[in-house]
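Colleague: Dropping a structure here in structure tokens format, bear with me for questions.
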Amino acid sequence: MTTTLLDALKQHTTVVADTGDFEAMKAFRPTDATTNPSLILKAVQQEKYQHLLDQIVRDSPQAGASELADRLLVAFGTEILKSIPGRVSTEVDARLSFDTQASIERARTIIELYEQRGISRHRVLIKLAATWEGIQAAKELEAEGIHCNLTLLFSLTQAVACAQAKVTLISPFVGRIYDWYKQKAGADWDEAANANENDPGVKSVRSIYDYYKTYGIQTEIMGASFRNTGQILALAGCDLLTISPDLLTQLKQQVGEVPRSLDPEHAKDVAPEWRANNEVTFRTRLNENAMATEKLAEGIRLFTADAITLDELIAARRPA
């Protein structure tokens, strides 16, 4: 019997669907699912999902834009959870990325909306940008039993701060790191020399994995934002990998073996140096990392723009 690359990958890693499309959940049978404003915006523009938007507007006629947006995210998350055995990640508005208290309050609201629908908070991960403020919000939320997924993570500096905050999960971005280095190199970029295990995004996740496993850090690592299947397969063995439907399809259509690339015992052999961390250290090291600084800021801007577009789309569905 032949084994697809997707099934072979699942032997080493928990596969997560990076989409807001319910049909993709049924097709690929992931354990978990992740969403963000961009994915929900893409999904809700499809005719087959517009009934959810109409229902949210109809059921809460007096609600403001932010409440309606949260209700829409939770409606999608609730539907997604019907098709998967694990957890769904739902994102706090990116416009709150530098406001710790507002992020905490928004996260509590999202969890309350899920619980009103009969969904346990243990099946939900609150997504927050891995700014210093977002990480501190996650620290307080975790203490309340609200589990968090720290996203837009591009550096070991961010990962160390997340570990100290005892967050449940982090999402280091592979593809966006790759994009930055490729753009910076310009005509000098050598695709073959920077592929698979040599990919700069893959190397970034490996450094975080080695650090976490060496020091017994319980925070889960979920590689995210992939540009090709080579990046995915080079991270086989990572705790989780969140993958778009297009790349899931490619993995499902190919057969073969997938060797484990990341392993806790090998990580301990590497034994990276322990890194102390506080706010000053975090901000200094992040500032020294041009790629991480630029991609974090860009990611927040992009998610903010999509959140604004989603607000406008919701407003347009209100009755005159």
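The values are calculated or read from the model by the stated rules, or taken from the named source; none is laboratory data. These numbers come from a predicted model, not from an experiment. Cβ sites come from the backbone with ideal geometry, for glycine too, and all protein chains shown count toward neighbours. Ligands, DNA and RNA are stripped out before the accessible areas are found, and what is left, the full protein with its side chains, is counted by its heavy atoms. Shrake-Rupley method; radii C 1.70, N 1.55, O 1.52, S 1.80 Å.
Colleague: What percent antiparallel are the DSSP beta bridges of the chain, to the nearest 5?
Modeller: Taking every DSSP beta bridge with both residues in the chain, the antiparallel ones total about 5 percent.
Colleague: Please go through the residue pairs LYS139/LYS184; LYS166/LYS268; LYS26/LYS213; LYS139/LYS295 and name each one whose alpha carbons sit more than 28 Å apart in this structure.
Modeller: On the way: LYS139/LYS184 35 Å; LYS166/LYS268 20 Å; LYS26/LYS213 33 Å; LYS139/LYS295 23 Å.
Beyond 28 Å: LYS139/LYS184; LYS26/LYS213.
Colleague: Hey, could you grab the Kirkwood Rh for the range 40-103? Inverse mean 1/r over distinct alpha carbon pairs, Å, one decimal. Kindly include the intermediate steps, with their values, before the conclusion.
Modeller: Numbers: mean 1/r = 0.0768 Å⁻¹.
Hydrodynamic radius (Kirkwood, Cα pairs) of the range 40-103 is 13.0 Å.
Colleague: Rounded to two decimal places and with Rh computed the Kirkwood way over Cα pairs, what is Rg over Rh for the chain?
Modeller: Here the Rg-to-Rh quotient is 0.96.
Colleague: How about the range 170-272: which trypsin sites (Lys or Arg not before Pro) there are in a DSSP loop, with at most 16 other Cβ atoms within 10 Å of their Cβ?
Modeller: Qualifying residues, ordered by number: ARG260.
Colleague: Most mobile of ALA94, ALA193, ALA292 per a Gaussian network model of the chain (Cα springs, under 10 Å)?
Modeller: Greatest mean-square fluctuation among the candidates belongs to ALA193.
Colleague: Normalising by the residue count of the chain, find the relative contact order in percent from Cα pairs under 8 Å and 6+ residues apart.
Modeller: In percent, rounded to a whole number, it is 23.
Colleague: Let me check against my output: what whole-number percent is the relative contact order of the range 169-247, with C-alpha pairs under 8 Å and at least 6 apart?
Modeller: 40 percent
Colleague: May I pose another question? For the range 218-320, compute Rg over Rh where Rg is the Cα radius of gyration and Rh is the Kirkwood radius from the inverse mean 1/r over Cα pairs.
Modeller: 1.10
Colleague: While we're looking at this one, here's another question. So, taking all protein chains as they sit and a 1.4 Å probe, how much accessible area belongs to HIS122, in Å² rounded to tens?
Modeller: Its heavy atoms expose roughly 110 Å² to the probe.
Colleague: Using a 1.4 angstrom probe on heavy atoms only, work out the carbon and sulfur share of the accessible area of the range 254-320 in %.
Modeller: Working: 2240 of 4250 Å².
Carbon with sulfur: 53 percent of the solvent-accessible area.
Colleague: Moving to a separate point now. Using a 1.4 angstrom probe on the protein heavy atoms only, line up ASP54, ASP32, ASP59 by accessible area, largest first.
Modeller: Listed by decreasing accessible area, they come as ASP59, ASP54, ASP32.
Colleague: Also, quick follow-up: Given a 1.4 angstrom probe, what's the average accessible area per residue across the range 109-163, in square angstrom?
Modeller: 29 Å²
Colleague: For Cα pairs less than 8 Å apart in space and 6+ apart in sequence, what is the mean separation divided by the residue count of the range 225-306, i.e. the relative contact order in percent?
Modeller: 25 percent
Colleague: Can you send over the carbon and sulfur percentage of the accessible area for the range 39-189, probe radius 1.4 Å, protein chains only? Each step should come with its number before you reach the end.
Modeller: Values: 2790 of 5910 Å².
Carbon with sulfur: 47 percent of the solvent-accessible area.
Colleague: Between GLN101, GLN116, GLN218, which gets the highest mean-square fluctuation from a Gaussian network model of the chain, Cα cutoff 10 Å?
Modeller: It is GLN116.
Colleague: Among ASP246, ASP93, ASP188, whose mean-square fluctuation peaks in a Gaussian network model of the chain (Cα, cutoff 10 Å)?
Modeller: Among ASP246, ASP93, ASP188, the largest mean-square fluctuation in the Gaussian network model of the chain belongs to ASP188.
Colleague: Quick check for you: with a 1.4 Å probe and neighbouring chains kept, what is the accessible area per residue of the range 206-320, in Å²?
Modeller: Value for the range 206-320: 50 Å² per residue.
Colleague: To continue, here is another question. Would you mind listing how long the range 1-157 runs along its three principal axes, going by Cα atoms, in whole Å with the largest first?
Modeller: Sorted largest first, the three principal extents are 55, 42, 26 Å.
Colleague: May I pose another question? Which chymotrypsin sites (Phe, Trp or Tyr not before Pro) in the range 223-320 sit in a loop by DSSP (not H, G, I, E or B) and have at most 15 other Cβ atoms within 10 Å of their own Cβ? Kindly include the intermediate steps, with their values, before the conclusion.
Modeller: Details: sites: PHE226, TRP274, PHE282, PHE303; in loops: PHE226, TRP274.
Qualifying residues, ordered by number: TRP274.
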